[in-house]
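**Q** Can you read through this structure? Questions will come right after.
The values are calculated or read from the model by the stated rules, or taken from the named source; none is laboratory data. Remember, predicted model here, so these are calculated numbers, not experimental data. Glycine also receives a Cβ, built like all others from the backbone with ideal geometry; neighbour counts cover every protein chain displayed. For accessibility, only protein heavy atoms count, side chains too; no ligands or nucleic acids. Shrake-Rupley method; radii C 1.70, N 1.55, O 1.52, S 1.80 Å.
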Amino acid sequence: MKTQDRYKWVVLALFWLAYFFNQADRQVLFTVFPLVKGELALSDVQLGLLGSSFFWMYALVVPVAGGLGDVLSRRKIIALAVLAWSVATFCSALAAGFVLLMIFRAITGAAEAFYYPAANSMISDYHGQRTRALAMGIHQTSVYFGIVASGTLAGYIGQQYGWRTAFVAFGGVGSVLAVVIWKTLREPERGQSDREAISSPIEATSEKSWNVRLADSFRSPSALLLMGAFLGFKVVDAAYLAWMPTLLFRKFDLSLVEAGFHATFWHHVGAALGVLAGGHIADRWSQ
């Protein structure tokens, strides 16, 4: 195997870990909702605002993040994003009340928004049509592992040491990962995998202004269909992941560990198998 062929899988491994903590850091709060509610004397509405502040900020920032990923160094964007959301997660443990905790969760959402567009772009540059969908499928499995691990570990840490320690643990490890990514990741040439596969020139996306690229996205029927499908998926998924651990804790008297595990594992084990199979099938059909 060529060095370049090996390195593209090293990149995927780094991104797998980054996306693992991307998802884990957002799930920590949902697992320890009962502890946060009790210590800070919050209502269910305030708990919901803590969760929705993350997703609203993510939704507002991600188009800008995607645009910057087309013109700036994706390596720097990814490393700094991992560091920013990890520090925000760590600082969430220091929050003494609702407002400050909501601000840190909003910052976490804004920072996480910068990761996914840049990472997908780099994966596409390192992996051509032969392995691209499989690579993205493998990358996507880190979502499920991150959510399940976070749901279970955060429940255990919260039960044993308090909810603040769970934020410290995930935020601290993520900060170390950001340094590893900064030192290991190399910026690929944009469009290099497609250039190797076809002889015709590829129009440089970065030459278009941000508003033109955004307009192009909304003129594409395929893009609109994909956006609609993903919107429907996330509306259900976000509500499920936010409240299922609390539901199991309250209604079925499960411990935080049990609630965190059962709320995430069964939902995602099938999804992990599905994206791997879907990635393999998509690679075959694309050829």
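**Q** Give me the dipole magnitude in Debye, nearest 20, for the chain about the Cα centre, with unit charges on the beta carbon: positive for Lys and Arg, negative for Asp and Glu. Can you show the working numbers first?
**A** Working: 23 positive and 18 negative charges, 61 e Å.
That gives a dipole near 300 debye.
**Q** Moving on. Can you bin region 57-166 into rounded, prolate or oblate? Criterion: square roots of the alpha carbon gyration tensor eigenvalues sorted a ≥ b ≥ c, rounded for a/c under 1.5, prolate for a/b above b/c, oblate for the rest. Intermediate results must be reported in sequence, preceding the final value.
**A** Working: a/c = 3.02, a/b = 1.54, b/c = 1.97.
Oblate, since a/c reaches 1.5 and b/c is not below a/b.
**Q** In nm, to one decimal, how far is the I103 label point from the D5 one, both placed 7 Å along Cα→Cβ?
**A** Label-label distance for I103 and D5, simple model: 5.3 nm.
**Q** Using 0.36 nm times the number of residues separating W285 and A96, minus their current alpha carbon distance, what extension gain do you get? Numbers along the way, then the final one.
**A** On the way: separation 189, 0.36 × 189 = 68.04 nm, distance 5.31 nm.
Full extension from W285 to A96 adds 62.7 nm.
**Q** Using a 1.4 Å probe on the protein heavy atoms, what percent of the accessible area of region 50-175 belongs to carbon and sulfur?
**A** Working: 3420 of 4560 Å².
Solvent-exposed carbon and sulfur of region 50-175 make up 75 percent of the total.
**Q** Between A41 and V236, how high is the FRET efficiency from 1/(1 + (r/R0)^6) when r is the Cβ-Cβ distance and R₀ = 35 Å? Nearest 0.05.
**A** Numbers: r = 30 Å, r/R0 = 0.86.
For R0 = 35 Å, the calculated efficiency reads 0.70.
**Q** First select every other residue whose beta carbon is under 11 angstrom from the beta carbon of S86; then total the charges, Lys and Arg +1, Asp and Glu -1. Please report the intermediate quantities before stating the final value.
**A** Numbers: positive: none; negative: D25, E112.
My count for the surroundings of S86 gives -2.
**Q** Expected output is a single nm value to one decimal: the length gained when fully extending between K208 and Q160, i.e. 0.36 nm times separation in residues minus the C-alpha distance. What is it?
**A** Numbers: separation 48, 0.36 × 48 = 17.28 nm, distance 5.28 nm.
Full extension of this stretch gives 12.0 nm more.
**Q** Anything in the chain that counts as a DSSP H helix reaching 18 Å or more along its axis (C-alpha) with Kyte-Doolittle mean of at least 0.0? List them, would you? Display every interim value, and only then the final one.
**A** On the way: long enough: 3-31 (41 Å, 0.16); 44-71 (41 Å, 1.19); 74-92 (27 Å, 1.13); 98-112 (21 Å, 1.64); 132-161 (42 Å, 0.48); 163-184 (32 Å, 1.21); 221-251 (44 Å, 1.05); 265-286 (31 Å, 0.40).
Counting only whole DSSP H runs, the qualifying helices are 3-31, 44-71, 74-92, 98-112, 132-161, 163-184, 221-251, 265-286.
**Q** While we're on this one: Å³ per residue of the Cα convex hull, for the chain? Mind dumping the intermediate values first?
**A** Numbers: hull volume 38.6 nm³, N = 287.
Dividing the Cα hull volume of the chain by its residue count gives 135 Å³.
**Q** Pick from V82, V212, V168: which residue has the top mean-square fluctuation in a GNM of the chain where Cα pairs under 10 Å get a spring?
**A** V212
**Q** Here's a follow-up. Setting aside same-chain residues fewer than 8 positions from K183, which lysines have a Cα under 23 Å from its Cα?
**A** K2, K8, K76
**Q** Here's another thing I want to ask about it. Under the classification rounded if a/c is under 1.5, otherwise prolate if a/b is larger than b/c and oblate if not, where does region 46-119 fall, given a ≥ b ≥ c as square roots of the Cα gyration tensor eigenvalues? The partial results should precede the final answer.
**A** Numbers: a/c = 3.75, a/b = 1.81, b/c = 2.08.
Because a/c hits 1.5 or more and a/b fails to exceed b/c, region 46-119 counts as oblate.
**Q** Then there is this: Under 26 Å Cα to Cα from K37, which lysines show up? Leave out anything in the same chain fewer than 8 places away.
**A** K234, K251
**Q** Set Lys and Arg Cβ to +1 and Asp and Glu Cβ to -1, take the dipole of region 1-157 about its Cα centre, and tell me which of A41, G69, I157 lies farthest positive.
**A** G69
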